[in-house]
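**Q** Take this structure first; my questions come after.
Since every read-out is calculated from the coordinates, none of them should be taken as a lab result. Given the structure is predicted, the values throughout are model-derived calculations rather than measurements. With ideal geometry, Cβ positions are generated from the backbone for all residues, glycine too; neighbour counts draw on all protein chains shown.
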């Protein structure tokens, strides 16, 4: 990224207790680092951040109401895994499946970048494999893996998502794939 782009259009914020952030009083997942295109109208940036934080809170808690609030009714997953339903039902089912294996799963947002109608989120997922992954029972193994999502936000809701998960690390930690 060119220095002029950084100076002219991007505002980077390292979130801390001293940094005033919209929505800080609520219980939504808070990004550790937030980068906002300074040319965006504040209302648009706030709406995109709110949608991303609601969706992160869904992944961290399993609260389907958060997913429904974050996702547009005609939400489209552009990197749909085989067997996953398209639309809002897809992430709801994926969360339930993962939570059957990792009931204490939490998601933190390491970085959130807002530019135009796009939001990029770098997640860290953590928990313990105490449930079942298919027929494989957990033994309390620590689970710690990352994922990155790219959203297109329209009217304050996530309309499209492209995502990459570190599934190999996850499957190794679950003992489903050999180290």
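**Q** Report, to the nearest 10°, how far helix 89-101 tilts away from the longest principal axis of the Cα atoms in the chain, using its own Cα long axis and a range of 0 to 90°.
**A** With both axes taken from Cα atoms, the answer is about 50 degrees.
**Q** Follow-up. Which order results if 80, 174 are arranged by neighbouring Cβ count within 10 Å, fewest first?
**A** 80, 174
**Q** Using only the alpha-carbon atoms, how far is helix 42-61 inclined from the longest principal axis of the chain? Give it as 0 to 90 degrees, nearest 10.
**A** On a 0 to 90 degree scale, this one is about 10.
**Q** Here is a further query. What is the distance in Å between the Cα centres of region 145-169 and region 40-63?
**A** 12
**Q** Would you order 133, 97 from fewest to most other beta-carbon atoms within 10 Å of each residue's own beta-carbon?
**A** 97, 133
**Q** Based on DSSP H runs of at least 4 residues, each adding -39500 (n - 2.57), what is the mean residue ellipticity at 222 nm of the chain after dividing by all its residues, to the nearest 500 deg cm²/dmol?
**A** Calculated mean residue ellipticity at 222 nm is -9500 deg cm²/dmol.
**Q** At a 10 Å Cβ-Cβ cut-off, how would you order 48, 160, 110, 135, fewest neighbours first?
**A** Ranked by crowding around the Cβ, least crowded first: 135, 110, 160, 48.
**Q** Output the antiparallel fraction of DSSP beta bridges having both residues in region 19-142, as a percent to the nearest 5.
**A** 80
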